[in-house]
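The values are calculated or read from the model by the stated rules, or taken from the named source; none is laboratory data. These numbers were taken from a predicted model, which means no experiment stands behind them. Neighbour counts are summed over all protein chains in view; Cβ atoms, including those assigned to glycine, are modelled from backbone coordinates with ideal geometry.
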Amino acid sequence: MVENTRKLHPADYFLYTDSIPSIWCPGCGIGTVVNTFIQAVEKSKIDFEKICVVSGIGCTGKVAEYLNFMSFMTINSNVFNFAANIKSENVDLKVVVFSNNADFLVSGAADFIEITEKGVDLIVIHTNNILYTITEHGVIPATPFVRISVDQNFQLPFNIPHLAESYGAKYIARWTPYRAGWLMYSMIDVFSKKGLSLIEVISPCLIYHASNDRMGDSVERMKFYDKYSVIRQGECTENLDIRAHNKIILGKFVNKK
Amino acid sequence: MKASSNGVKVKGEIFVIKDRCKGCGFCITNCPRDILELSAELNANGYHFPVVKNPDNCNNCGLCEMICPDFAIWSVKKEERRVVEV
Ligand code: SF4
Ligand code: SF4
Ligand code: SF4
């Protein structure tokens, strides 16, 4: 192995390196999302001083703390409003929202709908980790059918891409962190979009799997989600529920001018 | 190894900041050329970090760098002239 003489990761320029290693669990997809985001910023040659990062609570809330952009961490349920207000005052900024299920489905969905309808120019990178992390066995609107729910949740899971398309989002894609390359090119795509763009990242929480004693090992988990997902570009967003016996559909579904 | 059109082999050199690594193993499973393996020793936080077991095969694809959640590994391009046999 080459001895590490440079001591500097290429992404370090965009990070507060003092707080790395991050708080995230070993093998959590959020780190990969942040890493691909930085690489997308580098590759797209966008002026990084024009990027503003907003995040809410929970594990994705920490994103704003590590990223050395103009970044804000806001309170629960206010993340979309906050971002839209920033955008309305600073028209030339690219505002990127890192949201999770608690920010989005549980308390921010009404704001999201309003903002999407108005056509506010936001980039939403939604990390769907399938549960609340803080309350290990909590069931939320995105919890899939019996396969995942510890509490035998029989509700239909909420279909986030379909919600976004119904209200007029301009770009919708869904990936897992393990398809990091695809995810990065989606992020590069959305930098040139006007109007709301949504990238959903299915990144199941380690805590859930560890506590459920099924897949404790991050690599096993990665292989599982690789095996049970399938890429279908341009699939109709109505079919995108994550259900028990179907494969998770990944791809780029909506790409409007 | 694949040579690019101008007769130059693209090779990569791997760097690891071992104390940042959390031993998740993503880089090892993702590497298409089987370059990395987990170390026997532990880093400062008690995790096994990746080490390079066969450095000559790395083609600088950057997949390990892209997937690492903790900004611990990256590859740098190292070009090598192809030896022309006469
Ligand atoms: S608790 Fe879950 S979502 Fe949060 S960092 Fe750990 S694995 Fe990721
Ligand atoms: S750059 Fe590519 S080939 Fe080289 S170690 Fe990383 S993943 Fe493997
Ligand atoms: S992907 Fe990163 S954190 Fe995970 S084992 Fe490799 S170097 Fe360590």
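Key figures for this structure:
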read-out	value
Checklist (1) within 16 Å of ligand 2 (Cβ to nearest atom); (2) modelled with pLDDT under 85 applied to A:K7, failing item	(1)
Hits in the stretch B:17-57 - residues which are of a type in the set (A, V, I, L, M) and more than 14 Å from ligand 2 (Cβ to nearest atom)	B:I17, B:A40, B:L42, B:A44
Residue selected from the stretch B:51-63 under the condition among the hydrophobic types (A, V, I, L, M, F, W, C) and at the interface with chain A (Cβ under 10 Å from one of its Cβ atoms), by the criterion nearest to the chain's Cα centre (by Cα)	B:V52
Some residue of the stretch A:53-75 being under 30 Å from B:N57 (Cβ atoms) and free of Cβ contacts under 8 Å to residues at least 40 places away in the same chain	no
Hey, A:T74 within 20 Å of A:G108 (Cβ to Cβ) and polar (S, T, N, Q) or not	yes
Residue in the stretch A:15-35 that is within 16 Å of ligand 1 (Cβ to nearest atom), aromatic (F, W, Y) and under 26 Å from A:D121 (Cβ atoms) present	no
Cβ pairs under 8 Å, 6+ apart, first in the stretch A:196-207 and closer than 20 Å to A:C25 by Cα, second small (G, A, S) and within 16 Å of ligand 3 (Cβ to nearest atom)	A:V201/A:G29; A:S203/A:G29; A:P204/A:G29; A:L206/A:G27; A:L206/A:S218
Selection count where residues are touching a residue at least 60 places away in the same chain (Cβ under 8 Å) and either closer than 13 Å to A:P141 by Cβ or in contact with a strand residue (DSSP E or B) (Cβ under 6 Å, 6 or more places away or on another chain) (or both), scope the stretch A:108-128	7
Qualifying positions in the stretch B:11-43 - facing another protein chain (nearest Cβ under 10 Å), assigned to a strand (DSSP E or B), more than 16 Å from B:D56 (Cα to Cα) and more than 8 Å from ligand 3 (Cβ to nearest atom)	B:S39
Yes/no for A:D12 being surrounded by 15 or more Cβ atoms within 10 Å (Cβ to Cβ), in contact (Cβ under 8 Å) with a residue 24 or more places away in the chain and acidic (D, E)	no
Residues (among the hydrophobic types (A, V, I, L, M, F, W, C), near ligand 3 (Cβ under 9 Å from one of its atoms) and touching a Lys or Arg at 6+ places or on another chain (Cβ under 8 Å)) located in the stretch B:48-72	B:F49, B:F71, B:A72
Helices (runs of 4 or more DSSP H) fully within the stretch A:1-110 counting 3 or more residues that are within 12 Å of another protein chain (Cβ to nearest Cβ)	A:29-44
Of all residues making up the stretch A:163-178, the number that are within 20 Å of A:F191 (Cβ to Cβ) and buried (at least 21 other Cβ atoms within 10 Å of the Cβ)	8
Identity of the residue in the stretch A:121-138, β-branched (V, I, T), within 10 Å of ligand 1 (Cβ to nearest atom) and under 20 Å from A:N159 (Cβ atoms), that ends up modelled with the highest pLDDT	A:T127
